[in-house]
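Have a look at the structure below, then the notes.
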Amino acid sequence: MDTTLLHDAVPVSPNPKLKRPCCYPSTDPTPNSDPNRFDALLESFLDFNDSSGIALDLAIDRLIDSRPLDSEKNDVIDRALRLGAALTEAAKRSARRRASMHNAVVWALPSDLTIKVFSLLDTQSVCHAAATCSFFNKCAVDPLCYSNINLTTIVPRVNNIVVSTMIQRAGKVLRSLKLGIVPCPPVASLGSSQALVYSMRNSSDTSGFSWNDKRSRQGKETFVLTRSCLAPLVADGGAPGALLKRLHLYNIERMDNTAFGAAISACPSLLDLEIVGLHVELRQTLESVSRSCPLIERLFFESSKTGRDDSLKLPTCNDLVNNCPYLTSLALRGFKLHDLKVRVLVKGLRNLKYVDFSTSYAITGDFLRNLGGSGGGSLLEVLILRDCMHLREAEVSRLLSAILAGRFRLLRHLDVSNREGLASDEDWYQRCYTPSFMSLRELLEERPNLRVLADFPAEGSFVEEPMTSSDVNIDTNSPSLASSHTSDGYVFTSSSESSYNSDHSSGNEDFPNATYPVHGESSDEVDDL
């Protein structure tokens with residue numbers, strides 16, 4: 001091999017002691033200025049077979065020995081190494097391009113159908129497909145592939161930049177957006193009241209690392225969604241959020257009322273809103289929904305601070321009833337709701353089919369009186385009052401009797417289970433662990449399609465266990481539970497004290513003159529609301 005080939009392929013700097021520039025002057029007679037000569041030179045390299053290694057070694061040695069200075073010899077070696085690396089990278093790029101072209105040829109679907117297939121995949125799968133070849137990458141850029149964005153994770157992996165990029169790719173075709181941390185896949189069970197609220201600061205994820213450990217490893221909170229994660233919905237005059245139908249937000253701890261309200265104002269077509277674990281106030285959230293989402297059909301809101309949000313007011317309830325008449329599913333879990341306000345919602349929203357007030361602190365069950373017929377609630381199919389601390393045995397019995405009498409004809413699922421037992425009529429501190437519903441058996445015979453969940457603890461079955469350090473990190477107010485079987489077949493659980501021990505009031509602060517939560521509104525008074 002002529003050693004001048006290597007010398008001509010990589011120009012030598014005129015002054016070896018100076019730092020070589022990244023780009024050489026175009027005036028130098030390099031092969032780059034003559035593509036034909038460069039191609040011929042490269043072809044001469046490729047003509048060597050695998051057995052020419054010895055010849056190449058000898059040629060490199062002769063070229064090095066021809067240089068008088070050590071710096072020049074080192075420069076020849078460096079140029080040879082860089083030339084070899086450049087040839088390797090060029091060959092790899094060409095191989096990838098050919099593989100991508102091969103995929104485009106052998107892939108059975110045209111680009112429009114490929115985009116349609118991608119639009120049916122979840123967001124992570126679309127991103128993985130886009131990384132396989134240039135054909136898929138071009139298809140994955142189409143906005144339709146991001147019309148349904150699902151960026152929910154078990155551990156923090158998504159930040160504002162990722163969300164903004166996905167929303168910008170979707171643009172006006174965005175129809176569904178799910179963000180945040182879901183600690184476990186939600187169980188699709190009507191009787192389940194499993195909380196989806198999750199605190200990154202106090203919990204451990206599936207990897208076994210605490211949030212504080214992860215933050216120290218990351219250096220910065222690069223995978224944390226902040227209050228501005230929904231700002232792209234308002235961009236471009238609100239175009240991305242204009243046709244958004246579904247918005248699900250889970251445990252975004254830095255979200256506040258102002259940022260959330262601004263995002264909701266850009267979603268006038270919203271039909272399905274699910275909020276879990278956000279530090280936003282119930283009253284302001286419902287005001288934003290009633291003001292900006294007149295078409296909403298499903299509202300699911302689980303409080304991040306069970307039993308402490310008492311912000312809901314009657315005018316807010318009336319606004320929601322008047323401005324959101326299409327609501328068919330309403331779930332307000334973990335809030336301090338009073339029967340009067342709940343009655344306004346259930347009675348006023350005439351299309352309600354699904355109602356869930358699980359773990360609501362102040363509900364006694366009075367709101368169910370005069371419902372189920374012309375007074376509202378006649379379309380109810382699912383009613384969940386699980387673990388409502390003040391729910392009274394007498395009101396549950398009255399409800400069962402009303403169902404037996406022919407009201408709530410469409411009801412197919414009723415859950416009045418309570419891990420603390422039902423409250424007695426005289427004093428809510430006196431818990432009823434074995435309620436006797438005289439009409440329950442007769443009701444189930446009369447309505448065989450009705451499913452009634454009425455699981456209560458067995459009094460005295462609690463066995464206290466010593467608290468460990470891991471219990472403190474999970475929930476300092478969560479009681480330890482033990483189970484026992486009773487003679488009538490129920491599986492009961494009991495705790496040593498109320499899970500609402502942070503607030504032992506009657507739940508009736510709006511009516512300070514009453515010794516017990518108000519439950520005696522007449523039907524005439526309710527009709528005037």
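The values are calculated or read from the model by the stated rules, or taken from the named source; none is laboratory data. Quick caveat: nothing in here was measured; it's all calculated off a predicted structure. Neighbour counts are summed over all protein chains in view; Cβ atoms, including those assigned to glycine, are modelled from backbone coordinates with ideal geometry. Heavy atoms of the whole protein, side chains included, go into the accessibility calculation; ligands, DNA and RNA do not. Shrake-Rupley method; radii C 1.70, N 1.55, O 1.52, S 1.80 Å.
Structural remarks
- Shown for region 257-355 is the translational diffusion coefficient from the Stokes-Einstein equation, using the Kirkwood radius over Cα pairs, a temperature of 37 °C and a viscosity of 0.692 mPa s: 248 µm²/s.
- Simple spin-label estimate for H128 and R62 gives 5.5 nm between the two label positions (7 Å along the Cα-to-Cβ direction from each Cα).
- Accessible area of Y250 (1.4 Å probe, protein heavy atoms only, ligands and nucleic acids ignored): about 20 Å².
- Compactness of region 85-179 as Cα Rg over 2.2 N^0.38 Å, two decimals: 1.25
- Measuring against 25 Å, Cα to Cα, the residue pairs K178/K313; K172/K305; K138/K172; K172/K353; K116/K178; K245/K313 contain K178/K313; K172/K305; K172/K353; K245/K313 as the ones spanning a longer distance.
- Cα-Cα pairs of region 235-314 separated by more than 20 Å (percent): 28 percent
- Convex hull volume per residue for region 118-164, taking Cα atoms only, in Å³: 79 Å³
- Shown is the FRET efficiency for T258 and R157, computed with R0 = 25 Å from the Cβ-Cβ distance and rounded to the nearest 0.05: 0.45.
- Long-range tail of P(r) for region 287-429 (Cα pairs > 18 Å, %): 53 percent
- Each part reduced to its alpha carbon centroid, region 122-183 and region 66-90 end up 45 Å apart.
- Distance between the pseudo-spin-label points of T88 and T434 (7 Å out from Cα toward the beta carbon): 8.0 nm.
- Under 5 Å, built H, 5+ apart or other chain: amide partners of L453: L414, D415, V416
- Peptides 79-85, 288-294 ordered by average Cβ neighbours within 10 Å, highest first: 288-294, 79-85
- Long-range amide H partners of A423 with built H, under 5 Å: L391, R392, E393, C432
- Theoretical FRET efficiency, 1/(1+(r/R0)^6), r = Cβ-Cβ of H279 and K116, R0 45 Å, to 0.05: 0.70
- Net length available on complete extension from A55 to D78 is 6.4 nm, with 0.36 nm assigned per residue and the Cα-Cα distance removed.
- For region 253-312, size of Cβ-based charge dipole, Lys and Arg +1, Asp and Glu -1, in debye: 100 debye
- Surface accessible to a 1.4 Å probe, D61 within the full protein complex, Å²: 80 Å²
- Database remark: amide H of E302 closer than 5 angstrom to the amide H of I275, V276, G277, R333 (H placed geometrically; neighbours at sequence offset of 5 or more, or on other chains; Pro and chain starts carry no H).
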